[in-house]
Structures are given as structure tokens and as C-alpha cells.
Amino acid sequence: MRVDIDFDGDRDLLLVNGDTLDDNTPKPIHGVRWLEKVGQEFVEFHEILLLPGCERAGVGDLDGDGDFDVVGAAFMPQLPEEEWDRWDSLVWAENLGDAKAWEVHTIESGNPVHSAVHVDDIDRDGVMDIVTGNYVWIVGSGKSQVRRDYLTVWRGLTKP
């Protein structure tokens, strides 16, 4: 995703890595990072948050302080459901001012079915909201293993 995460006038590159669908293994190195653009070059790599199974990220000013915060969403529906409680599934990285220091807050644990995440003021109340698109079911062994709503909305989240 291209976004001016540090508000210096150019668009930096936000990167997400956390695909577990190939080997079914959440890894502690999964998460969200950004590449800083200076002039015409991407020159520096910065870590924003670590989240095993992180599949998507959304960007918006969640706390109303004028900078971009980042939301990371985990997608690991292929893991046995009894293992889900071990993992955070939605986290918010609060930008502490210069996009180089972040405080990570857990919004949700134990529900790693978020295949999409979006940050926007969807109800137009002046406060940012988070919307996740969720994987609805996996059929296996003759029964549905996962049942979730298609969308989940967190309205007006300014501090977890």
C-alpha cells in the first residue's frame, strides 16, 4: 500500500507479511513494516507491529492526533479452532508521532479470520471506525468448522 506514513510529502510503502496458508505455521516475524521514501529512493525499513498470521493492514488516524495509525489483521482460519485463543487477531499500532515509534494495542484475540481490514469514518461521526471482512466457513470432515459474520465493525475506537 502506498501512503505518506511519515507526512513528509512523498508516498512511502506499507508492507504486510504473514501468510500462513502455505505451511499452516504462524511465525513471530509476521507483521507490518514500512519502507521510507526519500527523494526517488526507498531508503529505510521500519517495523510497525508484529502479528503472527498478519494478512492485511489498514491505515487511518484512529486517535485523532493528526498522524496515521495502523491496524493489522490476522488470517489463520486453517489452524484448529482450539488454537485460536493463543493468537491476537486484530491489533492497532498507535503512531507516537514520527512513524518510527509505535505503541501496539490488542483490539481482539482468538478470532484470526480477518481476510480484509479497512479504517474509515463509516458512520460520519468524526471518529474513525475499523471494518474487517471475515472468512465465513471452512468445510472439512463433514461439518462447518468456522462460522463468523461477513463483516465486523468496531465503531469509534480511540483507545482499546
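The values are calculated or read from the model by the stated rules, or taken from the named source; none is laboratory data. None of these values were measured; they are calculated from a predicted model. Heads up, the Cβs are rebuilt from the backbone with ideal geometry, glycines too, and the neighbour counts pull from every protein chain shown.
Specify which of the listed residues (GLU55, GLU47) is touching a Gly at 6+ places or on another chain (Cβ under 9 Å), buried (at least 21 other Cβ atoms within 10 Å of the Cβ) and not basic (Lys, Arg). Before the answer, list the steps.
On the way: GLU47 fails: buried (at least 21 other Cβ atoms within 10 Å of the Cβ).
Checking each option against the conditions leaves just GLU55.
Is region 41-57 home to any residue that is aromatic (Phe, Trp, Tyr) and touching a residue at least 40 places away in the same chain (Cβ under 8 Å)? Please lay out each step first, then the result.
As a first pass, look at region 41-57 and keep what is aromatic (Phe, Trp, Tyr): 42, 45.
Pick out the ones that are also touching a residue at least 40 places away in the same chain (Cβ under 8 Å) and you get none.
No: zero hits.
Could you tell me whether region 74-93 includes any residue that is assigned to a loop (DSSP other than H, G, I, E, B), among the charged types (D, E, K, R) and at pLDDT 95 or above? Break it down stepwise before answering.
First, pick out the residues of region 74-93 that are assigned to a loop (DSSP other than H, G, I, E, B): 76-80, 87.
Among the residues that remain, those that are also among the charged types (D, E, K, R) are: none.
So far as region 74-93 goes, no, none of its residues is assigned to a loop (DSSP other than H, G, I, E, B), among the charged types (D, E, K, R) and at pLDDT 95 or above.
Find the residue count for region 105-139, including only residues that are of a type in the set (S, T, N, Q) and under 16 Å from TYR150 (Cβ atoms).
Here is the first cut: in region 105-139, the ones of a type in the set (S, T, N, Q) are 106, 109, 111, 115, 132, 134.
Next cut, under 16 Å from TYR150 (Cβ atoms) only: 111, 115, 132, 134.
Here the count works out to 4.
Only one of VAL127, VAL119 is touching a residue at least 40 places away in the same chain (Cβ under 8 Å), under 30 Å from GLY9 (Cα atoms) and more than 11 Å from the chain's Cα centre (by Cα); which?
Values: VAL119 fails: more than 11 Å from the chain's Cα centre (by Cα).
Exactly one residue qualifies, and that residue is VAL127.
Going by what's in this entry, would GLY64 be described as within 24 Å of ARG155 (Cα to Cα), part of a loop (DSSP other than H, G, I, E, B), modelled with pLDDT under 95 and not hydrophobic (A, V, I, L, M, F, W, C)?
Yes.
Quick one: in region 89-121, of everything that is among the acidic types (Asp, Glu) and under 12 Å from THR132 (Cα atoms), which residue is surrounded by the fewest Cβ atoms within 10 Å (Cβ to Cβ)?
Residues of region 89-121 that are among the acidic types (Asp, Glu), as a first pass: 94, 98, 103, 108, 120-121.
Keeping just the survivors that are under 12 Å from THR132 (Cα atoms) gives 108, 120.
Working: GLU108: 18, ASP120: 12.
The qualifying residue surrounded by the fewest Cβ atoms within 10 Å (Cβ to Cβ) is ASP120.
Take PHE45 and tell me if it is modelled with pLDDT under 95 and in contact with a His (Cβ under 6 Å, 6 or more places away or on another chain). Full working, then the answer.
Working: modelled with pLDDT under 95: yes; in contact with a His (Cβ under 6 Å, 6 or more places away or on another chain): no.
No: the conditions fail for PHE45.
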